[in-house]
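Shown next, in structure tokens, is the structure this report addresses.
The values are calculated or read from the model by the stated rules, or taken from the named source; none is laboratory data. All values reported here derive from a predicted model rather than from experimental measurement. Cβ coordinates were reconstructed from backbone atoms using ideal geometry, including for glycine residues, and neighbour counts include every protein chain displayed.
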Amino acid sequence: MGNWILFVVCWLCGAIFLGMGVYAWRLRDRPMNFWSGQQVPRENVSDLSGYNRAMGKLWGAYGTVYFISGLAALWQPVAAVALMCVLGTAGAVALVLVYKKVIEKKYLTK
């Protein structure tokens, strides 16, 4: 039973991040925000659709961490929790690095 609960929780988290990615990529008509509470002005983005597509890929990739952990939870729940902790933490660091080093440099004008 605990395996299924962990599976469902991981997949719900993954669905939230994947949903953010789809929203940024397909539905957002203004720049997708990365930092909480910080708005990205439209005039600071050189290519709005490219920026939002990159943000969608970023959030979608982070969501896959939780989908993979959820699948692992069905067979090895302890390994799934360890995987989620390691990949979730490393993924959060990777989110910031990719945003700052790649997306900001490519799409934002100062």
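Observations, loosely collected:
- Verdict on Val8 being at pLDDT 90 or above, in a helix (DSSP H, G or I) and among the β-branched types (Val, Ile, Thr): yes
- The set of residues from region 19-38 being within 16 Å of Leu58 (Cβ to Cβ) and assigned to a loop (DSSP other than H, G, I, E, B) comprises Arg28, Pro31, Met32, Asn33, Phe34, Trp35, Ser36, Gln38.
- Enumeration of residues in region 55-110 that are in a helix (DSSP H, G or I), loosely packed, with under 15 Cβ neighbours inside 10 Å and of a type in the set (Ser, Thr, Tyr): Thr89
- Considering (1) crowded, with 16+ Cβ neighbours inside 10 Å; (2) assigned to a helix (DSSP H, G or I); (3) at pLDDT 90 or above, the lone condition that Ile16 does not fulfil carries the number (1).
- Pairs where the first residue, in region 23-51, is on the phi > 0 side of the Ramachandran plot and in contact (Cβ under 8 Å) with a residue 24 or more places away in the chain and the second is surrounded by 13 or more Cβ atoms within 10 Å (Cβ to Cβ) and not in a loop (DSSP other than H, G, I, E, B), C-beta under 8 Å, 6+ apart: none
- Residue check, Ser49 assigned to a helix (DSSP H, G or I), touching a helix residue (DSSP H, G or I) at 6+ places or on another chain (Cβ under 8 Å), of a type in the set (S, T, N, Q) and within 23 Å of Tyr99 (Cβ to Cβ): no
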